[in-house]
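Please read the structure below before turning to the comments.
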Amino acid sequence: MLSFALLHSSSSPKPQFHFHYKNQIPKLPFQSLHFSPFTVLPIKLQSKPSFLSLSSCFPSSTSLIGDEFEVELGRLLTLLPEEMRRSVSEHPEFCYLIEVVMDLGRKPLARFPSGDFILSDHPITLDDLQHAISKVGDFAVDNRAGISRTLHRISAIRNRKGAIIGLTCRVGRALSGSANALRDLVKDGASLLLIGPPGVGKTTIIRDIARMLANDYGKRVMIVDTSNEIGGDGDIPHAGIGNARRMQVPHSDVQHEVLIEAVENHMPQVIVIDEIGTNLEAMAASTIAQRGIQLVATAHGVTIDNLVMNPALEMLVGGVQSVTLGDEEASRRGVQKSVLERKGPSAFSCGVEIISKAELRVHPDLEATVDAILAGRYPRYETRKINPGSQDETRESSSTQAPFDERNEVLVEDIIQMNGGVPGSTELISETDPSIEGGSGESENALCIFLYGISEASVIQGIKQLNIDDAIEFTDNISEADVLLALQSKLKKNSRIQAAAKSHGIPIYMTKTSSSTQLAKAIEALMDDFADGFEFLESEAKTNESEKIDALEEARIGMERVVIPKGEPVELLPRPSNIILLQKDLIRKYKLKSERIGTGTDVRLRILPFSGAPDEDSQDSEGVDDESEVDELFSPNAESNGSAFRVDRLPLLPE
Ligand SMILES: Nc1ncnc2c1ncn2[C@@H]1O[C@H](COP(=O)(O)OP(=O)(O)OP(=O)(O)O)[C@@H](O)[C@H]1O
């Protein structure tokens, strides 16, 4: 029978970590970097699969894991058929197992940091699923179940008749120390909102925050545990939450009620809650914040921008409203008359973007971050490392630079960690530090593209002939991108993606089709502009800004001096489509109508005198609706560059 052992070897060579850049997945991206002195050797044993050496995966200081985690992981593995159990326990990354996926009629998979691994060539049967289901508690309405007194989460997929045909078995771990990087903030009573994509480690961190506040700072902490993920399944909470108390939620729809109940009945000083996702929950959280209770919560998203743009959750960060500025104020600020502003105070004082299992971006003043995003400026934030091994506060780097610069710092730290650097080091190493030399097989000057409506595969296919694979890379995180490349038809339907690109100062390019030839041309054009540092865009933006002000002033004077007092129409000068759109907006605010005249580069507006006819706000005199205006805005007459049209720095399109 096959099993494995973890052998400590101080003389063993450092493990080979693959260099990763931006969103590329490293071989072992977590704090596994601590574990470089351990070597995993598969050996043959005449015994049952053993997890006895599992605690060696984790230095004793890192967690409550050790023996308890062995037992807990063992309980998860009892869900699996013997062959799968053996296969997963033999995997070299067994300690870092994230999930086991069992779908009826398909081969079972284990998810590890380095990727998916097939556990057996035998497809999953109904019996296999039945066996697993019999070992877990009841599935709640959110189709999640747990294993009593463990942190594992079993999520079911059902067929149309309600029968379970798939399971995702997530390994839960209490990583004591995973919230150390936020210790200074939580200690001072800051309300923290953590956001991150699924599986990045949000629950793990807030669990540790709950423990830290209850045990280290003696606070009365109440966890509102919607799917029993923070405190584990069963009525006795998992040791990972320390002295914090927890309230279970019978149904996710009543999470907001339990939140209020927690405050009213149990006198908490701190409320911890995972996954605020609805408007009602956001409202409950805001109410709690107003009562002076420290709030620690998570929400799905990648960056704070995602929350600002999410109508259900924007309330968490103070809400967003559109404000019309006076002419003078608008020209003083150099912005259009209608701007977005924060409506009120944020329910949270700090925001934390969980970038990866090893890295956080802390926005110490969440309101300032939201204001910056709405004003199209770079928010200020600090990059911190998650370091479960250290009991100290681990503010590893502090940065208020523009994201582009900071990205390089992060990159450098990643590489150093991957090369076996000491976690917890507070040294900030410059990009030219020799220790990073040779760590990369990739170009540091690669152009990082966020694709929208175009698949990565199509671009790769398109540029095959160009031999520039190393010069570009892709990201799913718009804040990391140098440029947004989108399919025209998709982009024009999504004003939010444009707003997100704008808020990060990223130029937007688009193609009409995603054929290989078009994409190849687009990428070539893009590479040229990137090589020039997108310099021309800067000057274009400046020209555009002053043209915007001129155009609006021209329309205002026309209306105030001619159209309104004399009742005569006024023809404005030809302008680019995006500026015409702004003029139309202003004209509507004066309760006047306009018509678009001319063609090509001669397109301009004629402002019509008030006719007394009912005002159709969303239509101009030609019956052109906003959708057509959007089309117009995207017409290639403004900027054309082969197949890629620059539509950089568009104004926000009407919803
Ligand atoms: N620092 C870490 N090192 C190693 N494993 C980790 C770390 N943080 C989290 N994990 C593991 O990663 C997986 C996902 O973590 P977690 O459930 O906390 O993520 P999440 O962001 O809350 O996910 P979701 O949004 O899907 O609920 C779990 O198996 C967890 O044990």
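Descriptive notes on the structure:
- Taking 0.36 nm per residue of sequence separation and removing the Cα-Cα distance, the ALA457/ASP532 pair yields an extension gain of 24.4 nm.
- From most to least packed by mean Cβ count within 10 Å, the peptides 588-597, 171-180, 271-280, 117-126 give 171-180, 271-280, 588-597, 117-126.
- Percent accessible area from carbon and sulfur atoms, region 552-595, protein chains only, probe 1.4 Å: 53
- Long pairs among LYS343/LYS589; LYS343/LYS502; LYS490/LYS521; LYS219/LYS357; LYS492/LYS566; LYS357/LYS490, criterion Cα-Cα beyond 29 Å: LYS492/LYS566; LYS357/LYS490
- In this label model, VAL562 and ILE260 are separated by 5.8 nm, measuring between points 7 Å along each Cα→Cβ vector.
- Net dipole in debye of region 228-338 [+1 Lys, Arg Cβ; -1 Asp, Glu Cβ; about Cα centre; nearest 20]: 400
- Solvent-accessible surface of region 442-533, averaged per residue with a 1.4 angstrom probe and all protein chains in place: 41 square angstrom.
- Principal semi-axes of the equivalent ellipsoid, √(5λ) from the alpha carbon gyration tensor of region 287-387, are 27, 17, 11 Å from largest down.
- FRET efficiency for LYS161 and LYS512, using Cβ-Cβ distance with R0 set to 60 Å, rounded to 0.05: 0.85
- Simple label model, 7 Å out from Cα along Cβ direction - VAL71 to ASP476, nm: 3.6
- Solvent-accessible surface of region 76-218, taken per residue with a 1.4 Å probe and all protein chains present: 38 Å².
- Accessible surface of region 115-166, 1.4 Å probe, proportion on carbon and sulfur as whole %: 50
- GLN130-GLN321 FRET efficiency (beta carbon distance; Förster radius 56 Å; 0.05 resolution): 0.55
- Per-pair calculated FRET efficiency, R0 = 22 Å: LEU573 and GLU328 via Cβ, rounded to 0.05: 0.45
- Share of carbon and sulfur in the accessible heavy-atom surface of region 457-528 [1.4 Å probe, %]: 46
The values are calculated or read from the model by the stated rules, or taken from the named source; none is laboratory data. Here the structure is a predicted model, which means the values were calculated and not measured. Positions of Cβ are generated from backbone atoms using ideal geometry, with glycine treated the same way; all protein chains shown enter the neighbour counts. In case anyone asks, the SASA skips ligands and DNA or RNA and just uses the protein heavy atoms, side chains included. Shrake-Rupley method; radii C 1.70, N 1.55, O 1.52, S 1.80 Å.
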